[in-house]
Amino acid sequence: MKTRNRCRMLFVSLFWGSFVLLLPPLWAQGDVSIEQKRADVRKMAGETLARLYSVQPSAKKAVESAAGYAVFSNFGMKIFFAGGGSGEGLAVNNKTKKETFMKMVEAQAGLGLGVKKFRLVWVFENQSLLKDFIESGWTFSGQTTAAAKLNEEGGAVAGAMSVSPGIWLYQLTDDGLAIELTAKGTKYYRDGALNP
């Protein structure tokens, strides 16, 4: 009985502890202007691209020669059987230079415990794929492993994962470029507050 009570107390403590960890960013956002939020997302995107180019130099050509790209920052948490995350990002049409601010939300099931932070860079080979991603939103429900090598010999999208024909994805973690992506139950959609 004591063990069950301890487990229950641990679960409750972890749940409320994770909730408290998520509150400060939410409080901080309430006082920030829309222009400041846009500037913060642009800054995150620029820093993410710079970091990607430093660990995978060939990515610069892939991103710049594509129809467009999207950059996201994600924060997620998992406690025992449930988990989730959220993030924000920016999609850019390379031809028109139009920016679209976006959000992402993630839900996970399965046993686990921990916090994860990562950045994603999506690369779209043609305008219709980019347009669908921006206007219709997108749900990613699979798992994929990088097909390209993590070196200069891997081609224009070395280090990226093919998630769909014409769509490539780079995932950056604290350790560098990830070669396996698990993003089950992730939804991408336009940010109604930040888009004019």
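The values are calculated or read from the model by the stated rules, or taken from the named source; none is laboratory data. Quick caveat, the model's predicted, so the values are computed rather than measured. Every residue, glycine as well, gets a Cβ built from its backbone with ideal geometry; the counts of neighbours run over all protein chains shown.
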For the range 55-68 the number of residues that are over 12 Å from F124 (Cβ atoms), buried (at least 18 other Cβ atoms within 10 Å of the Cβ) and either among the aliphatic types (A, V, I, L, M) or at pLDDT 95 or above (or both) is 1
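Here is a yes/no grid of residues against (1) among the acidic types (D, E); (2) in contact with an Asp or Glu (Cβ under 9 Å, 6 or more places away or on another chain); (3) modelled with pLDDT of 55 or more; (4) surrounded by fewer than 16 Cβ atoms within 10 Å (Cβ to Cβ):
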site: L90; (1), (2), (3), (4): no, yes, yes, no
site: W122; (1), (2), (3), (4): no, no, yes, no
site: N126; (1), (2), (3), (4): no, no, yes, yes
site: S164; (1), (2), (3), (4): no, no, yes, yes
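So that you can scan it fast, the table gives a plain yes or no per residue for (1) at pLDDT below 95; (2) in the same structural domain as G159 (by TED's automatic domain parsing); (3) surrounded by fewer than 11 Cβ atoms within 10 Å (Cβ to Cβ):
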site: K2; (1), (2), (3): yes, no, yes
site: F15; (1), (2), (3): yes, no, no
site: S18; (1), (2), (3): yes, no, no
site: L22; (1), (2), (3): yes, no, no
site: D40; (1), (2), (3): no, yes, no
site: M44; (1), (2), (3): no, yes, no
site: Y53; (1), (2), (3): no, yes, no
site: A70; (1), (2), (3): no, yes, no
site: G84; (1), (2), (3): yes, yes, no
